[in-house]
1. Less than 15 Å from a label point 7 Å out along the Cα-to-Cβ axis of B:D98: which backbone N atoms in the range B:234-276 qualify, by residue?
2. Testing the spin-label approximation: label points 7 Å from Cα along Cα→Cβ at A:T185 and A:T118. State their distance in nm.
3. Please enumerate, by chain and number, the aspartates and glutamates with C-alpha under 15 Å from the C-alpha of A:K375, excluding those fewer than 8 residues away in the same chain.
4. For A:S52 and A:L295, FRET efficiency with R0 = 41 Å and r from the beta-carbon atoms, rounded to 0.05?
5. Only loop residues by DSSP count here, and only those with at most 13 other Cβ atoms within 10 Å; note down the trypsin sites (Lys or Arg not before Pro) in the range B:103-203 that meet that.
6. Nearest-5 percent of antiparallel DSSP beta bridges in the protein assembly as shown?
7. I want to check the label-to-label distance for B:L68 and B:M9. Put each point 7 Å from Cα in the C-beta direction and report it in nm to one decimal.
8. Once the other residues with Cβ under 14 Å from the Cβ of A:R408 are scored (Lys, Arg +1; Asp, Glu -1), what is the net sum?
Amino acid sequence: MIRVKNLTVSFGGKTAVNGIDFEINKGEIVGVVGESGSGKSVTALSIMGLLSDEADICGGDVYFEETALLENGRKAEDSVYRTFRGNMISMIFQEPMTSLNPTKRVGAQVAEMLRLHTDTHKDEIRGRVCETFLSVGLKDPDELYDKYPHELSGGMRQRVMIAMGIICKPALIIADEPTTALDVTVQNQIIALLKRICSENTIGLLFITHDLNLAKRICNRVLVMKDGIIVEQGATKDIFEDPRNEYTKRLIEAVPSRIHKKDRGKPGKENVLSVSELNVFYRDGGNSLFSGKSLRHIIKDVSFEIKRGEILGLVGESGCGKTTLSKAVLGLNKNYTGKVEHFSEYPQMIFQDPYSSLNPTKTVGWLLMEPLRAKADQKPGVRYSAEDIRSAAYDMLKKVELSEDTFRKYPAQLSGGQRQRVSIGQALITHPSLVIADEPVSALDVTIQAQIMELMLKLKEDMALSYLFISHDINVVYQMCDRIMVMKSGEIVETGDTREIYESPREEYTRLLLAES
Amino acid sequence: MRYLLKKIMTLSVTLFLVSVAAFIAFQIIPGDVVGSILGTEATPEREEELRHELMLDRPPVERYFHWLFNVVKGNLGVSYRYSKNMNEMMPVKELIGDKLPVTLSLAALSILFIIAVSIPLGVLWARSKSRALDAALSVLTQVSMAIPAFFIGILMTYLFGIALKLFSPGAYVSYHKDFKGFITYLIFPAISIAIPKIGMTARFLRNSMLTEIKSDYVRTAYSKGCSERRVMYGHVLKNALMPVITFLGMIIAEIVAGSIVIEQVFSLPGIGRLLISSISTRDFPVVEILILYITFVVIFVYFTVDILYRVIDPRISGK
């Protein structure tokens, strides 16, 4: 149905997609897997003719049945694309939060598809949209029609996107990481829905993902991409059970799973952190003279402790209060009751997004030295010479396995994995005993993820650290943690040793979380 | 409803504080009102009499509350400087009531021009793919922003008034007599006010749209098969207007409070000119009321912007 031949796209001289060929047949689900920068999304956008102006299509053809959308690197007329987009090929994007227009009612946004591509009568449009809402599992469609995107949850928004994608009965849906921004439980529902809808209506699906587990579950056929090239393609079963390509093998191995976990030494007896009956609040309301203030109760009666050398995992879905808890523990949020006792100095934090959590105007060296300077400022007794600080920073570079010339580089010159190493270095340079890591590997590709996890474990041994390890990824947590707390709506529903929890979860919610991934 | 009540309370408190500040300022500024009203040759008895009449022999706090009480009742006091006839002093209410329609009509007209021109211009600019158009608009708006309004006013007077004789410079028809003629006299001043603001607003809107175009929902809109025009007007414009509205609010507040320079250049008897002459003659009752008027206008415009925000962006009222 769709044929892509020798497609080559570059950005400012850098090749993003390098001469790829593939086809998608009617009703087939084809997965494109690969790490960030492998050219997955560029491929999808070139089929739709949606690449930005900076992109340079150097060559190749894209045929939809008999129509050429791209021939010898030349795009078809805009009007040709317009009749295909939405009508024959529709697209679902990663971020349901931002992919819908925030100032238009969701019903109207779905209805726009009908207005653009069909001559459905005005009076029938609402009915058609509501029917489609029902078919993607959205309840009370009539009420939903008049809502705005911000009034819906992430899962509902993605369902609305799917409704928008299927309402004109296209032949192909391109889904670019459609579930990456969603919680695991929701993720599964959306995957099941996509699969059902495609098979019911014989719609082809091009499913782009970095998550190999997902591709394995949904796709008939898989393409593995690396650096703009398809390194391997074949039936899903063959690829996963008998990968031929070296890179494919590495990719599959790097996926965190619950199979291999090394045994580790027992953590010590003494506490580095003890939290009892912690309740954390957020202040609501404006800062105007007359606006009322109210406190929102986020964390409810949480008690736990972390032993020296222990890695305590904190899992739960987004919005359950994981980050709020960590902020209160660090003293960044003062609106709490209960007791937080630190038995070590300067607990530190590692953040999720290494792209935005490092100051882009400073060099890596400066960033690494800053915590020491701050420490010297706070404590009158502590004095470091400039030379001490410098050598400590170089030392830290070695510890996080970065080369010495990184010292003078800026964060923008580093890859995601390197940046996360810098964040780790920043956290460890003051020699804390406790480090709070808030989703430290969630923004990274699987192969990088594995390296960072390895590094964190090694540093834990070398520097006698304890971690509070926050993650939504059950498998990552399984590999990293000695003990796990499961959090739901601000409460700890279950605590226990990692093995225990995974093998015999007591709570229904824990079981649900585990089953979903 | 609660929101509205809160806003009204903020408004009254602000007005109160501003009026106190203005009152205090006039206590500090040197110069004797009585002296300036009666001239140098007045007898001490007459001076004493007038001082008593104007309550200037009372303590300031008492005077302030006396004044405030009257204002709340709707009695805005009398001007120290203008008089209705030989025996009667000019009430501030009448004085301002006479000038306000001029300033408000001028403001309305220039705001109309600003909105009607800058929005299509900004969208056109954001959509422009040709370098020449982009450069031309960039230079044009830059120039329009750089020229002071009064200079445009002088140019207009010369070009349309003296050379083309479309209006007679310096003349003015009262709105009581000939409303149509009155509006024709306002057109050129309004254009003079609008031109620099149009440059700024168009530029601002263009930048806002270019930022907005990078959003994910724009890509979604294209993927649905929308034409570029439809994406721009149907999806991007409304979102891009958000910051522009705040900016427009600032401009509108400035214009409604009186365009002093333009009123002077075109000899229009508006609020701006009244304010200048009252300050220089220490006509305290007039100045105080004008300050309150300006404060009210500014707060009211921001309040309207707030409401507009809520209308445009459902996320704000949804909270």
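1. B:268-275
2. The two pseudo-label positions are separated by 3.4 nm.
3. A:E345, A:D388
4. Numbers: r = 45 Å, r/R0 = 1.09.
It comes to 0.40.
5. Of the trypsin sites (Lys or Arg not before Pro), the ones in loops of the range B:103-203 whose Cβ has at most 13 other Cβ atoms within 10 Å are B:K129, B:K165, B:K177.
6. Around 60 percent antiparallel, to the nearest 5.
7. 1.8 nm
8. +1
Each value in this text was obtained by applying a stated rule to the coordinates, not by laboratory testing. This is a predicted model, so every value here is computed, not measured. Using ideal geometry, Cβ is built from the backbone for each residue, glycine included, and neighbour counts are taken over all protein chains shown.
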